[in-house]
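Undergrad: Below is one structure. I have some questions about it.
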Amino acid sequence: MGVDHRPGQVAHPARVGDRRGMPVVVTGASGFVGSRLCVALDAAGHQVRAMTRKPGAYRGVGEPVRGDVHDGDSLVPVLRDCAAAYYLVHSLDDVDFERQDAEAALTFAHAAAEAGVRRIIYLGGLGEDSDELSAHLRSRREVEHLLGQAGVPVTTLRAGIIVGHGGISWEITRQLVEHLPVMVTPRWVHTRTQPIAVDDVVRYLVGVLEDPAATGRTFEVGGRDVLTYLEMMRRVAAIQGRPLVVVPVPLLSPRLSSLWLALVTDVDARTGRSLVDSMSNEVVVAEHGIRELVPFEPMDYDSAVLLALGERARQKRSA
């Protein structure tokens, strides 16, 4: 069932139940996913409260409101009388990100309950609970649990690599291909993942808001292709017409891998280490319930890459 990929277009406009004067809060409104989500929600007819710590500097779509997920007193006024709140923040660049994210999620959960929020929508990470998950993926799973601790229903979308200009994981892929025609690769390049275009993630995020049947459920989302990290890099190289020679070094440690990423990309070593640790976990969609609630055909990987590269080129021209 093919549908075009305009951000914000949803499959069930007749089911919209949150447009009658009740705003929707987007945390991380200036971020990679949040900025796009604000545009899509506004286009779909929702009132958007764009939560940021610096509302005076906000230039995106929606009403800028000051809020900090670590400060419960700042959250209650922002969340009051809202139909839903999107939770899109993390502390991955913090040395103690697991504790920071847990405290922030619990603070947000209690503020949402006090403010009368009807539900929370959270974007988390794929990964089987039965696997030995990385610290990053364990933290994402813990946040899922903590957001529901105060009684507000939580709808969770779990995604793997999100492909789009400005996304950290995508930027690692693009910059490795761009900077290293001959690449020393560690063991994790053979791990399978199911990348998804950021536009498709946004469509799912809007879609679950507009279908009450999504309340309180967990969904796994992915694109059309299941690929190893090595296959992803080779496809990017082919699309750009770049040479790519791979020299496998299976014993390259996570610490050395993260330092290697910091040398050849603009991702700092701390964030790189967290992401590299996660790359040993296979992240492939195993549950397809989202396709019934928000039915459209996700993009293939090559199409998502072309969109990301096109957006980057347009921003460079306009800079």
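Throughout, read-outs are computed from the coordinates displayed, never taken from laboratory work. Predicted model only: the values in this text are computed from it and were never measured. Reconstructed Cβ throughout: ideal geometry from the backbone, glycine too, with neighbour counts over all protein chains shown.
Undergrad: Sorting check: for 204-213, 24-33, 40-49, which peptide has the highest mean count of neighbouring beta carbons within 10 Å, and how do the rest follow?
TA: Details: 204-213: 21.6, 24-33: 23.8, 40-49: 20.0.
Taking the mean over residues of other Cβ atoms within 10 Å, the ranking is 24-33, 204-213, 40-49.
Undergrad: Rg over Rh of segment 56-207, using C-alpha atoms and the Kirkwood radius, what does it come to?
TA: Working: Rg = 17.3 Å, Rh = 17.3 Å.
Over the Cα atoms of segment 56-207, Rg/Rh equals 1.00.
Undergrad: Same structure, new question: How large are Rg and Dmax for segment 153-230 when calculated on the C-alpha trace, in angstrom?
TA: For segment 153-230, the Cα-based Rg and Dmax read 15.4, 50 Å.
Undergrad: Could you please rank VAL89, VAL152, placing first whichever residue has the fewest other Cβ atoms within 10 Å of its Cβ?
TA: VAL89, VAL152
Undergrad: Take the Cα atoms of segment 280-319, find their three principal axes, and give me the spread along each one in whole Å, biggest first.
TA: Principal-axis extents of the Cα atoms in segment 280-319, largest first: 41, 30, 16 Å.
Undergrad: Rounding to the nearest 20 debye, state how big the charge dipole of segment 16-172 is about its Cα centre with +1 on each Lys and Arg Cβ and -1 on each Asp and Glu Cβ.
TA: Working: 16 positive and 21 negative charges, 165 e Å.
Using only the charged Cβ atoms, the result is roughly 800 debye.
Undergrad: For every other residue with a beta carbon closer than 13 angstrom to the beta carbon of ALA113, add +1 if it is Lys or Arg and -1 if Asp or Glu, then tell me the sum. Write out the running numbers ahead of the final one.
TA: Values: positive: ARG80, ARG118, ARG119; negative: GLU114.
Taking every other residue near ALA113 into account, the sum is +2.
Undergrad: Can you tell me the order of 312-319, 134-141 when each peptide is scored by its average per-residue count of other Cβ atoms within 10 angstrom, highest first? It would help to have the intermediate numbers written out before the result.
TA: On the way: 312-319: 9.4, 134-141: 20.2.
Descending packing order for the listed peptides: 134-141, 312-319.
Undergrad: Shifting gears a bit: Measure off 7 Å from each Cα along the Cα-to-Cβ vector at HIS70 and ARG53, then give the distance between these two points in nanometres to one decimal.
TA: 0.6 nm
Undergrad: Roughly how far apart, in whole Å, are the Cα centres of segment 292-319 and segment 136-163?
TA: Here the answer is 25 Å between Cα centres.
Undergrad: Of all alpha-carbon pairs in segment 29-141, indicate the percentage at a distance above 18 angstrom. Present the calculation step by step, with values, prior to reporting the outcome.
TA: Details: 3389 of 6328 pairs.
Across segment 29-141, Cα pairs with separations above 18 Å total 54 percent.
Undergrad: What is the magnitude of the charge dipole of segment 101-242 about its Cα centre, with +1 placed on the Cβ of each Lys and Arg, -1 on the Cβ of each Asp and Glu, and no other charges, expressed in debye to the nearest 20? Spell out each step's value before the answer.
TA: Numbers: 15 positive and 18 negative charges, 80 e Å.
Using only the charged Cβ atoms, the result is roughly 380 debye.
Undergrad: Determine, for each peptide in 287-297, 105-115, the mean count of other beta carbons within 10 angstrom over its residues, then list the peptides with the highest first.
TA: The densest-packed peptide leads the list: 105-115, 287-297.
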